[in-house]
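The values are calculated or read from the model by the stated rules, or taken from the named source; none is laboratory data. This is a predicted model, so every value here is computed, not measured. Neighbour counts run over all protein chains shown; Cβ positions are idealised from the backbone, glycine included.
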Amino acid sequence: MRQMLLCLSAAVLMYCGSILAEPEQQASGVAISYVNHALDVMQQNSLHRKSINWPKLRQETLDQAAGSQIPPDTYDAIRFALRKLNDHHSFLQLSPELQAKEKEARARRMTKPVTEPGSEKWPPSPYIDRRTPGGSIQEIAGARIATIVVPGLFNPDDGQMHVYADVLNKTISRLGAKHPTGWIIDLRGNLGGNMWPMLAGVGPLEGTGILGAYIDADNNKNIWFYGADGAGAQLHDGRRQILCWVPAPSISFKTPQIVAVIIDHGTASSGEAIAISFQGRPLSRSFGRPTHGQTTSNDGFVLEDGASLVLTTSVEADRTGKIYLDGINLDIELPEESHLPVPGTVDPMTEAAAAWIKSVAAHR
């Protein structure tokens, strides 16, 4: 009897082992085709496409998609591949309807959302809630300092773009009439959005001409500029386009102005592009904390189900040609700010920028 029980137990264990060892359901042809198409788009367009081992990444991504039956099942695998592009800016964009489908797919597979590693490399900037452009002038350390606040601007229509730029232009004109010792461009908490109204808005302080460029994997340069007719881009094929016009600037400085640019970890994407527009400019310095590290340009590519691969296709360079692969190198790095300044006081970054402005003005 004991021998019979041992044999029975062994048979049960073998049966259970065969269940545990049963291979995972194979991915469907639809899912495999969807993943391969997404990888094809990445391979053809991503900024670092020439340095990536594509056969290896393709196999790893298909392994991540094992068992997938429909496109929403593959979204995490595609996000895995996007992270492997190592540009820190590419992402998968889903409509609300596709987000709901992904949620249903997760519930069916009983899986949890993937936490993006390093998605919050810095604590949130205390300035990210600013939405209104503007400025003010005040005496700081014996110098008359004009501060221009340039917040992010997301999904504006044409009217909102021009209003935003016009507000900044008129603010610079109003404060410039008071003959400040120098200027602070405050980009803290500017998470990006549409860069053209920002560029056009602060144009009188940036100066006319080429302010920066986007450079792709084939070394093609698409420059951005500011001129009398507004801010725009000139593509590497020679086409020129004004992307945010402004009325004739209400102020034209006879001499270059002293400009300090304040940035922090909440300065990202287009906000970083505006900071780059001042890099290499005479009489300019940057103050604060390292930026978010999205000094690249993205393009959207729609997949079969309506999801979009938003891929980094080029990297930003300043007016001198210096490239910024992962944020901006500060001229003067300052301690972290964890909260907004108490009303009526001046924050340390502004104080440091004002002291530099005063020192430069004293030696002009």
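Among residues of the stretch 308-322 being β-branched (Val, Ile, Thr) and touching a strand residue (DSSP E or B) at 6+ places or on another chain (Cβ under 6 Å), the one that is surrounded by the most Cβ atoms within 10 Å (Cβ to Cβ) is THR312. Check whether at least one residue in the stretch 277-289 is within 12 Å of the chain's Cα centre (by Cα), surrounded by 18 or more Cβ atoms within 10 Å (Cβ to Cβ) and either more than 25 Å from ASP166 (Cα to Cα) or in contact (Cβ under 8 Å) with a residue 24 or more places away in the chain (or both), and report yes or no. There is no residue in the stretch 277-289 that is within 12 Å of the chain's Cα centre (by Cα), surrounded by 18 or more Cβ atoms within 10 Å (Cβ to Cβ) and either more than 25 Å from ASP166 (Cα to Cα) or in contact (Cβ under 8 Å) with a residue 24 or more places away in the chain (or both).
Scanning the stretch 242-256 for residues that are in a loop (DSSP other than H, G, I, E, B) and either touching a Gly at 6+ places or on another chain (Cβ under 8 Å) or among the β-branched types (Val, Ile, Thr) (or both) yields a count of 7. Of the residues screened, ILE274 is not one that is aliphatic (A, V, I, L, M), over 16 Å from HIS89 (Cβ atoms), in the same structural domain as ILE172 (by TED's automatic domain parsing) and not in a helix (DSSP H, G or I). Checking the stretch 335-345 against the condition returns a match, with at least one residue being under 20 Å from GLY266 (Cα atoms) and crowded, with 17+ Cβ neighbours inside 10 Å. Within the stretch 123-154, take every residue that is farther than 26 Å from GLY293 by Cα and aliphatic (A, V, I, L, M) and give me the one that is surrounded by the fewest Cβ atoms within 10 Å (Cβ to Cβ). Result: ALA141. Only residues that are surrounded by fewer than 23 Cβ atoms within 10 Å (Cβ to Cβ) and over 19 Å from the mean Cα position of the chain (by Cα) were counted across the stretch 290-307, and they come to 5. With respect to the stated conditions, PHE253 is exposed (fewer than 15 other Cβ atoms within 10 Å of the Cβ) and outside the structural domain of HIS48 (by TED's automatic domain parsing). Take SER286 and decide whether it is closer than 25 Å to GLY227 by Cβ, at pLDDT 95 or above and part of a strand (DSSP E or B). Here the answer is yes, as SER286 does meet what is asked.
Return yes or no: is ILE137 over 15 Å from SER270 (Cβ atoms), part of a strand (DSSP E or B) and touching a Phe, Trp or Tyr at 6+ places or on another chain (Cβ under 8 Å)? In short, no. Do we have any residue at all in the stretch 50-60 that's at pLDDT below 95 and part of a loop (DSSP other than H, G, I, E, B)? So far as the stretch 50-60 goes, no, none of its residues is at pLDDT below 95 and part of a loop (DSSP other than H, G, I, E, B).
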